[in-house]
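Participant: Structure in structure tokens, see below.
The values are calculated or read from the model by the stated rules, or taken from the named source; none is laboratory data. Only a predicted model underlies this, so the values are computations on that prediction, with no experimental measurement involved. Cβ atoms come from the backbone with ideal geometry, glycine included; neighbour counts cover every protein chain shown. Surface areas here come from the heavy atoms of the whole protein model, side chains and all, with no ligands, DNA or RNA. Shrake-Rupley method; radii C 1.70, N 1.55, O 1.52, S 1.80 Å.
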Amino acid sequence: MSEVSLAPGRRLSEIRQQLGMSQRKAAELSGLTHSAISTIEQDKVSPAVSTLQKLLRVYGLSLSEFFAEEHKSDEPRIVINAADLIEIGSRGVSMRMVHNGTPNHTVAMLLETYQPGSTTGDKIKHQGEEVGTLLEGEIILTVNGQSYPLRAGQSYAINTANPHSFSNISTRICRIVSAHTPNTF
């Protein structure tokens, strides 16, 4: 198992320090509290996807760059096994990224699982487009403050520059397969 998946907080701390940034400055730039950053960096809590995205934006990294960094390869893989998918989710939301070890691809794909009551957190926002299909369960997709309840078999297509979030308010697991551009999420 990689160092990234074992201690994302410690990795965030190293990145911040390499940039010569204090926790207070990172808090100011990200809109998070100093206490929240300290707790995350000590790996006492696993940040929501939206929280992690706020920090990484300050550090000049995307979610996929942060989690894929240790998985770089000289030779891109053709077949990617389930055990090699890169987990970028947290707090009841599993987002497993299909990655072949090279940054030279134009689309990224995620296999997402939302536990009952889970959410991506605050609104997520990044340049690009995303399409997905619900394979199982139900989810509430919120885009620009408008909620869209989706059921298994339904799909969505969104401009990800618009603030959006996913919430599973049902009592069943929800599974989604999604793809987005650019490949940095």
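Participant: Taking the Cα centre of the chain as the origin, how large is its charge dipole in debye, to the nearest 20, when only Lys and Arg (+1) and Asp and Glu (-1) carry charge on their Cβ atoms?
Facilitator: Values: 17 positive and 18 negative charges, 108 e Å.
Once rounded to the nearest 20, the dipole reads 520 debye.
Participant: Over segment 8-67, with every protein chain in place, what whole percent of the accessible area is carbon and sulfur at 1.4 Å, could you tell me?
Facilitator: On the way: 1350 of 2810 Å².
Answer for segment 8-67 is 48 percent, counting heavy atoms of protein chains only.
Participant: Mean-square fluctuation check for the chain, GNM, Cα pairs under 10 Å: which of Thr113, Thr160, Thr33 is largest?
Facilitator: Thr33
Participant: How much accessible area per residue does segment 8-67 have, counting only protein heavy atoms and a probe of 1.4 Å, in square angstrom?
Facilitator: Numbers: 2810 Å² over 60 residues.
Per-residue value: 47 Å².
Participant: Ranked from highest to lowest mean number of other Cβ atoms within 10 Å per residue, what is the order of the peptides 75-83, 10-18? Spell out each step's value before the answer.
Facilitator: On the way: 75-83: 9.2, 10-18: 16.3.
Top of the packing list down: 10-18, 75-83.
Participant: Hey, got the Cα dimensions of the chain along the principal axes, in Å, largest first?
Facilitator: Dimensions of the chain along the principal axes of its Cα atoms: 47, 40, 27 Å.
Participant: Using the basic label-point model (7 angstrom from Cα toward the beta carbon), what is the Lys125 to Ala179 distance in nanometres?
Facilitator: About 2.7 nm separates the two model spin labels.
Participant: Once you have the Cα-Cα distance between Glu28 and Glu65, take 0.36 nm times their residue separation minus that, and quote the gain in nm to one decimal. Intermediate results must be reported in sequence, preceding the final value.
Facilitator: Working: separation 37, 0.36 × 37 = 13.32 nm, distance 2.28 nm.
Roughly 11.0 nm would be gained on extension.
Participant: Okay, moving on. Quick check: residue separation of Ser38 and Arg57 times 0.36 nm, minus the Cα distance between them. What number comes out in nm?
Facilitator: Values: separation 19, 0.36 × 19 = 6.84 nm, distance 1.73 nm.
Computed gain between Ser38 and Arg57 is 5.1 nm.
Participant: Counting Lys and Arg as +1 and Asp and Glu as -1, what is the net charge of the other residues whose Cβ lies under 13 Å from the Cβ of Ile158? Working shown, then result.
Facilitator: Numbers: positive: Lys123, Lys125; negative: Glu129, Glu130.
Charge balance near Ile158 sits at 0.
Participant: Between Ile78 and Leu135, take the C-beta separation as r, use R0 = 22 Å, and let me know the FRET efficiency to the nearest 0.05.
Facilitator: Values: r = 24 Å, r/R0 = 1.09.
Between Ile78 and Leu135 the formula returns 0.35.
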